[in-house]
Amino acid sequence: MSYVAPVKDMLFNIAHLANIEQIAQIPAFEDAGLETAQAVLEEAAKFTEGVLAPLNWEGDKNPTSWKAGEVTATPGFKEAYKQFAEGGWQGLQHPADFGGQGLPKTIGAACIEMTNSANLSFALCPLLSDGAIEALLTAGSDELKAVYLEKLVSGEWTGTMNLTEPQAGSDLAMVRSRAEPQPDGTYKVFGTKIFITWGEHQMAENIVHLVLARVQGAPEGVKGISLFVVPKVLVNADGSLGKRNDVQCVSIEHKMGIKASPTAVLQYGDGLAGSVADSQGAGAVGYLVGQENRGLEYMFIMMNAARYAVGVQGIAIAERAYQKAVQFSRERVQSRPVDGSIQASAAIIHHPDVRRMLMTMRAYTEGCRALASVSASAYDAAHHHPDADTRKANQAFYEFMVPLIKGFSTEMSLTVTSMAVQVHGGMGFIEETGVAQYYRDAKILTIYEGTTAIQANDLVGRKTARDGGQTARGIAGQIEVTLDELRKSGSADALAVAKRLDVARKAFLDVVDFVAGNTKASPNAVFSGSVPYLLLTGGLMAGWQMARALLVAEREIAAGQDVPFMQAKIITARFYADHILNQAPGVRDSIVEGAECVTAMALDAF
């Protein structure tokens, strides 16, 4: 078995939790109801299972390579990318005005999960293109949109995001790349950018780099950063490709995971022979996006899109690891069951601790998938609903969820992929088994597009302290509505989940009060618990969605609909409550009462 897309679970979320039929009432999405979602997801499953998944292991064994400035992808990737582009997958949720299909994120996010489950290294290429498209749609001039968007949306060209430099990791105030204005309105860009995902390759005709740089005389710090489009190959007035730009890949990194995804070091303005520099002198030709000195604001559009997508990557890799562990546990025969039910060595899926690990993996993955689906629905309403108040409320909800989806889903992917290795026992530590790749691939997810601590800082500062905890408390109020429904159900499972959910909700509110009340007065105390706050909140929000899923499943069983699937959903929700939600009070205590000892140690004592 390679990979089987969890289409049924995705459609359950889309139909019952994300309420796709409500999204389909929005004029922009009137043809995008459940029937469309099912047709699209089934086609995505065929492509990802049949074309992308078989290349995943190959990419780990035969990574992308670099030679003399050129990057060669893993065998099979170029052909797969051609099929991906021709299938219209890049443009799935981008505007029809530029050749996309204009489908809601609620549908697109599920397809993106499949692509990442099937082949994480491959999926990073279209992920970065999505971010570039979003930035140009939001801040690009009509001229830039006309030149670049259709080709990016079709997948004929790919996009990148260039932030990081050798001296500037996440601290973008330290960006030194410079842009010199030219008489014709263009800029010459100079500098070195590192960690550029799919920054060089031969899978597409052109690569559209979005680059942060400083214009001469710009203010210091983040207020002086501008954003530029710097294409690998310049585009002629008629839309054809012209001369090579003065940008080159001088190396790629050797990584512990996602080895088939080239992580490039790009050099701008070094006078590349055979480029535009031959006739115009050194300097990569760049085009300003929006206004000077507003680059970070525009780049955040890309980063927010990418942060949500990386959270989906966490869900995707967790799903792949879970499937691998289930398969192995059915086949691996080891020891007699402790209850004596089989009088001989049995498949390890009979052992309680293996089942505990499988249930943990399943509960985390399903909970985070549900949360991502519901948040995608909020994004669609925030951007397209005709009512301004509805747009505003959904935007606040979505923005609160982004650091949770990115931070919690990626951290949980490490737990799940680690458990997958553990289920395999000694064989999990052997590369040939294949499960170790998921563990290695997953680690980067907690780091790139902002570490978990950066997501936690966002949750504390922008999402909680800024409005005094108002948005957070509003969401806790929505959870109370679910609690009332659980209690009205009256079933043993619903009441048990309600008990755990309520305790976790109260723990969350205690922390919100602590954060909102102390961020200015005692910042070290608050930020000492920022990551635990993110994990508590992410765990609660995913658990809330599992509780909603339980209520749906009970109604569906009463109507005689797909009883085995619905029973499994109820069991998974109950497990989530009893084994994950129940951790919230302890985390609350460590945040509210345990801050002092985090920073008490003298620095020279470490």
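Rounded to the nearest 20 debye, the dipole magnitude of the chain is 1140 debye, with +1 charges on Lys and Arg beta carbons, -1 on Asp and Glu beta carbons, and the Cα centre as origin.
Shape annotation for the stretch 24-108: C-alpha extents along the principal axes are 52, 26, 17 Å, from largest to smallest. The lysines whose alpha-carbon is closer than 19 Å to the alpha-carbon of LYS443, local same-chain residues fewer than 8 away aside, are LYS61, LYS255, LYS259, LYS324, LYS406. Relative to the longest principal axis of the Cα atoms of the chain, the long axis of helix 352-384 lies at roughly 50 degrees. As an equivalent ellipsoid, the stretch 327-384 spans semi-axes of 41, 9, 6 angstrom, where each value is the square root of five times an eigenvalue of the C-alpha gyration tensor, largest first. Full extension of the segment from GLU58 to ASP467, taken as 0.36 nm per residue of separation minus the current Cα-Cα distance, would add 142.4 nm. With the contact rule set at Cα under 8 Å and sequence spacing of 6 or more, what percent relative contact order holds for the stretch 451-606? Relative contact order here is 31 percent. Once the mean of 1/r is taken over each pair of separate Cα atoms and inverted, the stretch 451-606 shows a Kirkwood hydrodynamic radius of 16.6 Å. Projecting the Cα atoms of LEU486, GLY461, GLN561 onto the charge dipole of the stretch 451-606, computed from C-beta unit charges around the Cα centre, puts GLN561 farthest toward the positive end.
Taking the helices alone, the chain has a mean residue ellipticity at 222 nm of -18000 deg cm²/dmol, built from -39,500 (n - 2.57) per DSSP H run of at least 4 residues and averaged over all its residues. Compute the angle between helix 142-154 and the longest alpha-carbon principal axis of the chain, please, reported from 0 to 90 degrees and rounded to the nearest 10. The answer is roughly 50 degrees. Set Lys and Arg Cβ to +1 and Asp and Glu Cβ to -1, take the dipole of the stretch 426-486 about its Cα centre, and tell me which of GLY426, THR451, ALA436 lies farthest positive. Ranked along the dipole, the leading option is THR451.
Projecting label points 7 angstrom from Cα along Cα→Cβ for ALA344 and ARG487 puts them 5.4 nm apart. For ARG214, neighbours were defined as the other residues whose beta-carbon sits under 12 Å from its Cβ, and their charges (Lys and Arg +1, Asp and Glu -1) total -1.
In a simple Cβ point-charge model (Lys, Arg +1; Asp, Glu -1; nothing else charged), the stretch 451-606 has a dipole of about 300 debye relative to its Cα centre.
For the stretch 139-203 and the stretch 486-531, what is the centre-to-centre distance using only Cα atoms, to the nearest Å? A separation of 41 Å, based on Cα centres. State log₁₀ I(q)/I(0) for the stretch 32-81 at q = 0.26, 0.27 Å⁻¹ as given by the Debye formula over alpha-carbon point scatterers of equal weight, solvent excluded. Result of the Debye calculation: -0.93, -0.97.
The calculated FRET efficiency for the pair ASP353 and GLU593, based on their C-beta separation and a Förster distance of 30 Å, comes to about 0.40. For the stretch 451-606, lysine pairs with C-alpha atoms less than 28 angstrom apart, excluding pairs fewer than eight positions apart on the same chain, total 9. Taking the convex hull of the alpha carbon positions in the chain and averaging its projected area over all directions gives 29.3 nm². For the pair the stretch 429-461 and the stretch 1-66, the centres of their Cα atoms are 22 angstrom apart.
Only the coordinates and a few stated rules stand behind these numbers; no lab work does. Just so it is clear, the model here is predicted, and its values are computed rather than measured. Cβ: placed from backbone, ideal geometry, glycine included. Neighbour counts: every protein chain shown.
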